[in-house]
1. Report the label-to-label distance for T318 and D128 in nanometres (one decimal), using points 7 Å from each Cα along the Cα→Cβ vector.
2. State, to one decimal in nm, how far the label point of D420 lies from the label point of R364, with both points 7 Å from Cα in the Cβ direction.
3. Tilt of helix 80-98 relative to the longest C-alpha principal axis of the chain, in degrees (0 to 90, nearest 10)?
4. By how many degrees, between 0 and 90 and to the nearest 10, does the Cα long axis of helix 340-360 differ from the longest principal axis of the chain?
5. Could you calculate the contour length gain from L405 to D391, that is, 0.36 nm times the residue separation minus the distance between their Cα atoms, to one decimal place in nm?
6. Mind giving me the FRET efficiency for I209 and H115? R0 is 22 Å, r the Cβ-Cβ distance, nearest 0.05 is fine.
7. Can you list residues from other chains, or at least 5 along the same chain, whose modelled amide H is less than 5 Å from the amide H of V125?
8. So which of K325/K406; K384/K406; K325/K345 end up more than 28 Å apart, counting from Cα to Cα?
Amino acid sequence: MIAKRLVVSAVVAGYAATVSAQTFDCGFRESGSWLDDAPDRVLPELPAPATVGSPSQCLTVEQIFLYEDTDQVLLTNFSSAQLLTLMSDAANSLLATWGDNYDFIGYWLSFAPDHTIGSAFYNQVSNDVTGIGDVGEPVGLPTIFDRHAALGLAGEKIQGRIMMWDIASWQPGNGPAAEFTRMALGQEFHHRFAMFLPPLPDGRLMQGITADCGRQYHWNWRVDGQGSCMEISEWVGTGPAELTGNFVTFNTDIPGSIFSYTDLYLMGYVSPAEMDAGNSELRYMNTSTCTPFYSDTISSFSSADIIASAGPRVPDHTAAQKDFKTAWIMFHLPARPPTFVQLSKTVDILEQHMDDWSLSTLGRGTMDNALFTDVNCNGVPDSKECLADLDDSGAVGIEDFLALLKAWGDPGGPADLDGDGTVGITDFLLLLAAWGPCP
């Protein structure tokens, strides 16, 4: 895949000046043959899935699952099959400990590998959505598929895996230096839903390479959609139209967003009508080669054109999944666990990613990057604590019940057992469920 320039703009309304430029080679590729030499796996038994609560309000370094690359495979000239096998072994170890509670598994390295596949990549595991194109084509499968067994992956819930490689390559925070990281994470997760669209009925390509004007499995850069992490372009004006943001840019219709309204339609967050209304422009530079200025024919398109070629999205925006949970693994070498600095940096990146997901989905979706529920943010799973023992007596009983009633309606505090910011009925139910001696 041809490496291009990653250009991201300052997060302000209107058309912002470029503040950083780095090379980003997305590693999403046709990968149906990656498993040709992979050995059969023995899958572990998994604990019962946990009750899924509200997304974690904070993360600690304990939320990163550590996995040793015992044979130092990643320091060798490893094959794609060896890589996917190691990823499955690590994921199965995590699932055997924490259960099948995650929609995605993400991976970091605490060291530089022998080589990489792209700067980062998304690995497809399953898909149950239609109307967003031929999602199974990159892995040689029908649109609806499940590759858990083929990948030697335990459980049945995982939709995809994200490899981010060496943590040293990425920057935390939300300043200019971190924009590259935020966009890269957004793009790899968005590969769950894009870009697999077929051409429109009149032949205009929504994704793929056209006269050096796009990349396969990413938006064709002739598309004018006000920018996004999935490489939808930002063209301004006519006669000529100026390409002010190509490759990836923050969206200008949703200031600071890593997704465009058209991306949100594919993801199931907005209706076709809202997609059309939300885009200030939705145009196509018919013959552009993506040089900075274009003076030829400009056409428009809408959600109706996408639906005419790909069919309606099923499930639609009223039934689509909105909230997702990712478990993160960090590979390390024998006797060289990741440092606290490396883990803290990872946590900072993931907290920003959760914020970006919320803003970019118009507050309608969440991305929970917590390995386990930790309402009091002390790095200890709540399942191993006795949070409902409000009087520290060693048991949950009538005194704790009375303390919770006294705190009813308070904004947080020890009695806010579910961490949603208010003491209420859910906290009462959690207290009843914990009634009796603490474990």
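What follows is calculated from the coordinates using simple rules that are stated; it is not laboratory data. Computed from a prediction, not measured in an experiment: that's the story for all the values here. Counting neighbours? That spans all protein chains shown, and the Cβs are built from the backbone with ideal geometry, glycine included.
1. Here the answer is 1.9 nm between the modelled labels.
2. Label-label distance for D420 and R364, simple model: 2.1 nm.
3. 30
4. So the helix axis and the longest Cα principal axis differ by about 60 degrees.
5. 3.7 nm
6. 0.35
7. It is G160, R161, by chain and number.
8. Checking Cα-Cα distances, K325/K406 exceed 28 Å.
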